[in-house]
Amino acid sequence: MDFYKTIFSEGWPSLVLVFAIFAIVRLWPRLVYEIELRRLPLVGEEHSRSKRVKNYFFSAATVYQEGYEKFKGVFHRITTLSGQLPPMTLESDYTGVFPERSRTMIVNNAVRSDLTRALPRLTSRLFEEVEHTVRSAFPPCDEWTAVKVTEPLHNIVAIVSGLVFLGPDLCRRPEYIRAAVDYTVDITAAVSRLKAWPWWTRPFVSRILPELVRLGDHRKDMKAFLEPVIDERRQMKLAGDRLPDDALQWILEKAEAAGITSITDLANMQLLLTMVAIHTTTLTTTRILYDLAAHPETVEDLPAKSTVFWLVAHLTPEGGFVNVRQDGFRRYTLKPITLKDGTRIPAHSYIEAASTPVLRDPALYPDPEKFDPYRFYKLRTTDMPDPIGYKSREQYQFVSVTKESMSFGLGRHACPGRFFAANEIKLILARILLEYDIKMPDGIETPYSNFSVGVTNGTDPTKKILLHIPYPRAIAKSTSRPVAMAILTAWTIGFIALLVIFHRLSKIGRRPKDYPPGPPTLPLIGNLHQVPREKVHLQFQKWAGEYGPVYSLILGTKVLVVLSSDQAIKDLLDKRSSIYSSRPEMYLGSMVGGGFRMLLMEYGETWRMIRRIVQNSLNIKAARTYVPYQDLENKAMLVGFLEQPDLFIDHIRRYTNSLSTQMMFGFRTTSLDDPKLKQLYHGFEQFGKVMAAQTAALVDLFPVLRYLPDFLLPLRRHAKELHKKECDLFVGHYTDTKRRLKEGKAKPCFCVDLVRAQEQEGFSDGMAAYVSGSLLEAGSDTTSATLIGFVQALLCFPEVVKLGQAELDSVCGNRLPDLNDLPNLPYIRGCMKESLRWMPTVPVGVNHAVIRDDEYMGYKIPKGAGVMLNVWAIGHDPKRHPDPQRFDPARWAHDSQTSAEAANNPDATKRDHFVFGAGRRLCQGMHIADRSLFLAISRLLWAFDFRRPVDENTGQEIVPDMEELTDGLFMAPKPFRAHIVPRSEYKAQRIREEWSKMTELLDSELQWKDVPEGVIWRDYEPIGTQK
């Protein structure tokens, strides 16, 4: 208070000073921003600001064109309605066009994945709907009739889009059509009205403008329309009924998986999908009809061409005639950017790339002002000069997104629905041109101009063109019309279908010349017949010897590139990990996991989010805190070996599983007969068999097989059953732990981080359960399989037992080895490395997928190809590892690297094994696995002798067959016998004493009384209460 009294007592000078300081503090960042921005050249600098704003509002195209011509290749500024920044085109803060980002991403993902993949099966339904809708939307045109085509096209696009968005029963409902069309029209009107007001008044006027009020009414109407539909579908799902195949269902499933169940949210997502589809598709189709009407010679030439193929050629980025925006795309800078030429772009700037000037650049498109509908058709199909010089002329497609064609945006934000839009426009145009002759009204010879408001570019809906049904087609529209059109349609579709089928079938199974080499192929199936049902890793090793370190297999419609050298894996999966980290589609394998298993997820935002969560708990620093868990479980395993040596495989599995349940869920697995333990191993084994089954491969390679019913595809029924059991196990583990954490009854564990992440990110219990469940699988199965392989190696190569015991006796004497002994036990460390090399648990890895075309060693690796790590072949390459079938730990005598250090060694030849994967898919738990392997191997050899059992009938020693391995993607020795005895009574007694000390830390149920010190997790605290 004294401060304020002093200020006011000293009068106005002090007040002015205070306000000046306040203004400087508040305005200084903006001032710095403006200074940095003014270093860039300004378009129209010779004009006043008001003149530049006016020019932008009424003729943005001219402004963009001027900037492109004056400052080509240089960043420059333009003055928009909101200053020297691009405005928010749809004013979404007020119009509410775009829901929250998570909701928008659900719509994008549904379009990008479900809709695009569904196009082949939806096209016939769209064809029928277009035929019906076009005929009913336009008036009778027995004579030349002037028609405003925009309004009927709005209805046509709304209904045809609605067929895919909502299904055939809802797409013609008047309330849907009214909401869909009017919402799109009112958004355009609302934005225009809003932009007429100064920016600082918009928060107030947005509440009273009639157009914006109507937008709210449309949202309420859509909610009322969809609510009973969504309720019905949810009941169908509960009843196990077959669900509709449409976008509403795809969005509903993705939303529920993300924990979004609000009808309001779902209605807004449906309106967003409808708006972006109807608006742009209608404008584009209208623009094309205007241009065709103004060029009757093009329409007259159509009968000499195939209409469908002509449209494919026509629907390309020609001129501005499908460009509904002047800017191709927009980005926002979160931090300053300095370009190679020294140009600095300040933070919080909008960056645009103007698409229309690029399309009118004569250096890229000769004579750009000329309307030439065959321009891109010729560029793709003839040898005429290519002014841009694309690698493939197929990039001159309507749906292509390049820096020279940005009508659909560019990069990862390119319009995901462009493939559907292209199909829809082609079908609508083809039907209109088959039904009608078109031309401009008398006296008008040039195409109608577009109107523009700021950045928005659109067609004038008030304009008319003339339509006329020629006499033969008018006859067809009479009583005989259905029969005639049915025959014509059937013949046309049949002929085109045959052409397409023969063309595609001729390519299936062939290996293009520029692909990596590989075994000879057969038509249609390629190399599919040469992949064996069993011991596939041996065949892949043989092919590596014949065709080199990088070879390819043509598997039906798919390509598999096999990497069989350490250098190839380093060069591609490590150094080019940004494009080699995805997964190919694995239909049945993904079905077992319900799409939630991280192992099979495509590389994207969801996968990265999960990996960040996991990294917090499995990084090298965190891994050190789990040593008390590993020590206790290891000693429990030793007691098991002592008391029930014939069950050594079960003891090993309990060891790795109990360690994992403690880390994931905060409890120990104490019994060999625990039903959940047995279910986990059995389920994972079955999952591996599904993944490796030839049926699963066939369904991936020939997706049409997915439409077979379950009785003809029994493996799918089996996958669904596995998913149900697996889901019950994983969800049960997670939800029980989540509940106990919130009640304060569970020990701190990984689920603390997972529950907190779920609260922040909003993903479902199903996804959270599979995150924790997948880590439980990985921690349990792979380490146990490696240890079982090690025991088999001891029986096959008994000298390893003696050499290992001699080293342990010299270093450890009569005490149990611990982690501090690792640097002094090179032979034991060699046993770890050799176990991972000699018996890799994933002999052919889990295939990666490349997300764009690439080239390596002069070979093309096509986008979408599977990429295999030939782990077995590399580990058993005699040039890399002499006498590879022999288990020889001494080969690692001079290699002291951990698995993580070896994986990250820049010298590819220094990597010891590839069991833990490569690149961004590298196993995050390898630090924990290394310690678990060391403790198990060192202590088992310290305490026990491993001898071959003796056949009671023959008296001969039984040597395990090293080639008797389990089937499936994941490999382990089949069960075998071993004679395991303590080396001495002293060592047996020492094991009992060590376990007795451990039991003092456990309660009556053999669970930890208190969490060991140093564990990284705290007790669970809800979001908002953490300090």
Legend entry - Reach of residue 378 by Cα under 20 Å, taken over lysines that are not fewer than 8 positions away in the same chain: 305, 370, 391, 426
Legend entry - Percent of Cα-Cα distances greater than 14 Å, calculated over the range 39-85: 42
Inset, instruction - May I ask for the net charge around residue 784, where only other residues with Cβ less than 12 Å from the Cβ of residue 784 are counted and Lys, Arg are +1 while Asp, Glu are -1? - result: -3
Legend entry - Volume per residue of the C-alpha convex hull in the range 785-869, rounded to whole Å³: 154
Inset, instruction - Note the direction-averaged projected area, equal to a quarter of the hull surface, for the Cα convex hull of the range 703-789, in nm². - result: 8.7
Inset, instruction - Obtain the nm distance between the two label points defined at residue 449 and residue 809 by a simple spin-label model: each point lies 7 Å from its Cα along the Cα-to-C-beta direction. - result: 10.0
Inset, instruction - Arrange the following residues from fewest to most other Cβ atoms within 10 Å of their Cβ: 105, 663, 691. - result: 105, 691, 663
Legend entry - aspartates and glutamates with Cα under 13 Å of residue 676, excluding same-chain neighbours fewer than 8 positions away: 726, 728, 777
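If each residue of separation counts as 0.36 nm, what is the full-extension length gain between residue 339 and residue 745 once their alpha-carbon separation is subtracted? Before the final figure, lay out each step's value.
On the way: separation 406, 0.36 × 406 = 146.16 nm, distance 5.50 nm.
This chain segment gains 140.7 nm when fully extended.
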Legend entry - Label-reachable residues, the range 242-276, where backbone N falls under 18 Å from a point 7 Å from residue 235's Cα toward its Cβ: 242-244, 249, 263
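Please give the contour-minus-distance gain from residue 708 to residue 217: 0.36 nm per residue of separation, less the Cα-Cα distance, rounded to one decimal in nm.
Contour length minus Cα-Cα distance gives 172.4 nm.
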Inset, instruction - Return 872, 144 ranked ascending by Cβ neighbour count within 10 Å, so the fewest neighbours appear first. - result: 144, 872
Legend entry - Virtual spin-label span in nm between residue 909 and residue 62, 7 Å along Cα→Cβ: 6.9
Inset, instruction - Give the share of C-alpha pairs in each 10 angstrom bin for the range 619-677, from 0 to the last occupied bin, in whole percents, shortest bins first. - result: 24, 52, 21, 3
Inset, instruction - Treat the count of other C-beta atoms within 10 Å as a stand-in for reagent exposure and order 715, 429 from fewest to most. - result: 715, 429
Inset, instruction - Mind checking the full-extension length gain between residue 123 and residue 390? Use 0.36 nm per residue of separation minus the Cα-Cα distance, one decimal, nm. - result: 93.1 nm
Inset, instruction - Please give every one of the lysines within straight-line cross-link reach of residue 738, meaning a C-alpha to C-alpha distance under 17 Å, and leave out same-chain neighbours fewer than 8 residues apart. - result: 747
Inset, instruction - Calculate the spin-label point distance for residue 208 paired with residue 673, positioning each point 7 Å from the Cα along the beta-carbon direction, and give it in nanometres. - result: 8.0
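Please work out the FRET efficiency for the pair residue 765 and residue 880, using the Cβ-Cβ distance as r and a Förster radius of 51 Å; give the result to the nearest 0.05.
That gives a FRET efficiency of 0.65.
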Inset, instruction - Residues in the range 975-1001, backbone N under 17 Å from the label point at residue 945 (7 Å along the Cα-to-beta-carbon vector): list them, ranges by number please. - result: 978-989
Legend entry - Largest-first principal axis extents of the Cα set of the range 742-828 (Å): 55, 27, 22
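Computed from the coordinates by the stated procedures, all read-outs in this text should not be read as laboratory data. Bear in mind the structure is a predicted one, so any value in this text is a computation, not a measurement. Every residue, glycine as well, gets a Cβ built from its backbone with ideal geometry; the counts of neighbours run over all protein chains shown.
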